1. Going through segment 31-46 one residue at a time, which ones are outside any loop (DSSP other than H, G, I, E, B) and without any contact (Cβ under 8 Å) to a residue 24 or more places away in the chain?
2. Can you confirm whether segment 235-258 contains a residue that is surrounded by 14 or more Cβ atoms within 10 Å (Cβ to Cβ), modelled with pLDDT under 85 and β-branched (V, I, T)?
3. Has segment 87-96 got any residue that is within 35 Å of the chain's Cα centre (by Cα), among the small types (G, A, S) and either assigned to a helix (DSSP H, G or I) or closer than 25 Å to L240 by Cβ (or both)?
4. Could you please find all residues in segment 64-102 being among the polar types (S, T, N, Q) and modelled with pLDDT of 90 or more?
5. From the list S28, S59, S45, which one is under 25 Å from D87 (Cα atoms) and either assigned by TED's automatic domain parsing to the domain that holds K91 or not basic (K, R) (or both)?
6. Charged (D, E, K, R), at pLDDT below 95 and surrounded by 12 or more Cβ atoms within 10 Å (Cβ to Cβ): is that true of E129 in this structure?
7. Only residues that are without any contact (Cβ under 8 Å) to a residue 60 or more places away in the chain and closer than 20 Å to G241 by Cα: list them for segment 129-138, please.
8. Here is a list: T39, T96. Which entry is of a type in the set (S, T, N, Q), over 30 Å from G145 (Cβ atoms) and exposed (fewer than 12 other Cβ atoms within 10 Å of the Cβ)?
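The values are calculated or read from the model by the stated rules, or taken from the named source; none is laboratory data. All values reported here derive from a predicted model rather than from experimental measurement. Note: ideal-geometry Cβ built from the backbone for every residue, glycine included; neighbour counts use all protein chains shown.
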Amino acid sequence: MEQRRTSVEERNACWVCFATEEDDRDVSWVRPCRCKGTTKWVHQSCLQRWIDEKQKGNSTTKVVCPQCNAEYLIIFPKLGPVVYIMDIADKIIYKTCPFVAGGIFIGSVYWTAVTYGAVTVMQVLGHKEGLNVMERADPLFLLIGLPTIPVMLILGKMVRWEDYVLRLWRKHSAKLPLLHYLFPDELSRYTRVPAETVPLSDPISATRVLCGALVLPTIATIVGKLMFGSVQSNFQRTLLGGIAFIAIKGVLKIYYRQQQYHRQANRVVLDFPDDITTGTDNSTQTAPTS
């Protein structure tokens, strides 16, 4: 709706394109907020384009005035009955799809965990014995128990028992003569105490924990067959293989981290060599003689 002004001082001026009513008398004007003065009036078409930029394709997004923060009152033409029903259906689908997708994702993760748990049982107990155990078990127990296998493996992998051993090592190493003999350089006085890193803060380290936890039953089975082949029971052999693997890996990891700690504690920052700058200055200032 076109608004007519009666005086030059109160003539319309669009705050988007800065045009006045004298530039185009057929354009529609609107006063959409509480602003006064030069930001009171705006072209309907200019404001529509500005609202489109703010909504970015989502017509339900609320738009407010950048000056007075008043919300623009936007109305749409009435819909027909068919379009109205379709619009309601579209809104319902739009709101329920995230929940449906989340349910599908959680269900996929759950059944993946069930499958992984069943494979792990057959791997640890043996194929035939594992199938017999699961066939005799209550289905409800399997639906609850099998998904907890990967969860418990991940939680167990997150237990950082090496940190406690390292603390004891660094605290009581001076009192143990055997460590003096095995690691003489380790027990030297540190020049400083280095900062400890937090491995799980790195996303790559988190995925490493996940992969290490899920592959542990396979490694335990392989180590059990290599180191404890004389044991007849598949479960005992796999259990001993897992314990041996965790122990050997833990000892190597503790030794590696202690060596890194020692290197960090005794690092030294060197003086900047003056001959580099002197040589550079001489090379730039000295000219060849003929």
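1. Those that are outside any loop (DSSP other than H, G, I, E, B) and without any contact (Cβ under 8 Å) to a residue 24 or more places away in the chain: G37, Q44, S45.
2. Yes.
3. Yes, the conditions are met somewhere in segment 87-96.
4. Listed by number, the list holds a single entry, T96.
5. Unique residue meeting the criteria: S59.
6. Considered against the rule, which asks whether it is charged (D, E, K, R), at pLDDT below 95 and surrounded by 12 or more Cβ atoms within 10 Å (Cβ to Cβ), E129 comes out as yes.
7. Scanning segment 129-138 gives a single hit, G130.
8. Result of the check over T39, T96: T96.
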